[in-house]
1. Report the full-extension gain for the segment residue 229 to residue 313: residue separation times 0.36 nm, less the Cα-Cα distance, to one decimal in nm.
2. Tell me, 211, 307 in order of fewest to most beta-carbon neighbours within 10 Å?
3. Which whole-number percent is the relative contact order of segment 137-268 (Cα, under 8 Å, 6+ apart)?
4. Would you order 68, 175 from fewest to most other beta-carbon atoms within 10 Å of each residue's own beta-carbon?
5. May I have the convex hull volume per residue, in Å³, for the Cα set of segment 156-198?
6. Using alpha-carbon positions, what is the distance between the centroids of segment 189-224 and segment 281-301, in Å?
7. With labels modelled as points extended 7 Å from the Cα through the Cβ direction, what inter-label distance (nm, one decimal) is found for residue 199 paired with residue 344?
8. Using only the Cα atoms of segment 184-256, construct the convex hull and provide its projected area averaged over every direction, in square nanometres to one decimal.
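Coordinate-derived values only; no laboratory data. This one's a predicted model, so the numbers in the text were calculated from it and none came from an experiment. All Cβ positions, glycine included, derive from the backbone under ideal geometry; neighbour counts span all protein chains shown.
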Ligand SMILES: [Zn+2]
């Protein structure tokens, strides 16, 4: 069955918001400055060596945070991360290998993301002045944060508990949804069948709405979408596709926090916000810093892409690297809809964080200006998929949440 979510021919509109352009220029200047610094005599000591000790100490400080709060994120995370590990392996993505009898937790995945990002930073010739530990924390409405610790050279990046499994489940749903997105206005051919060559699985727009609703409701109510129903694996190709997207989305989330450190956004005032496990400090950033960190993170991801030739594999690789961040912002658009109710999600409001939809278009615009659009095909599909899905999915989520709250009240 085909639904009515037709994909418009990919036409890219360049954002005319002055904030964006100003932000870009500022970002480009920062990059140039960093690259200039790179010309200085090279040190032989690697980034990893230089900050290994600070990194270890940042981890100690994170563990102290956990102990004082009585919070143990790993025991929540281990079962799904085992599934993750299998799919990572199947997709050929490097990830931490567990020794026999050892449980792979999300901490392992976060360590791996952190390792990957520090490699990308080093490869690009940027200099990271901090030993960084990445850990989980229930951050509430924030999806990730970065703060400096008591030491000058250490920072802790916190990723919202449940975010990893949420992104994974949403990646699956959005991947399955390619089944009802058409190649163009007048065609019956879908992205899934025509472009990706997948066998039909009969997934409809209504399936997407139901599953997004269930997934987001479980995430909002329980802080973890695994408390809801698990979306079964469809076939052998789609989960691998979704796993690739998930990896890139999570790499982007963590790279964004690293980017605040790289761009020295550390002078931002510290803010304190309450979480279920105690107050957490974060560097309060303004919108300009957020956009700049997004672009720096997106550039890091694309820096190691296998492209530059007409190789179709390179085209796919680079598209995943752009689509991953886009997927993350699609999830954020849905979550924001659930949190604040009906609103124009394409409009940017003042406040510390720019609207997720604007962050998504900002990244697409950035790569469109640089590379002419070939990097954006998949990301652009995700951007357009928000429009038919956001309103019914958010309504579905909200009705599930209020049903839950009314039974709880009885
Ligand atoms: Zn940020």
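1. On the way: separation 84, 0.36 × 84 = 30.24 nm, distance 3.41 nm.
Gain in length upon complete extension: 26.8 nm.
2. Details: 211 22, 307 18.
Listing 211, 307 from fewest to most nearby Cβ atoms yields 307, 211.
3. On the way: 157 pairs, mean separation 36.3, N = 132.
Answer for segment 137-268 is 28 percent.
4. Numbers: 68 10, 175 25.
In increasing order of surrounding Cβ atoms, one gets 68, 175.
5. Numbers: hull volume 4.0 nm³, N = 43.
Enclosed volume per residue, from the Cα hull, is 93 Å³.
6. So the two Cα centres are separated by 29 Å.
7. With each label placed 7 Å out from Cα toward Cβ, I get 4.7 nm.
8. Values: hull surface 26.7 nm².
Approximately 6.7 nm², given one-decimal rounding.
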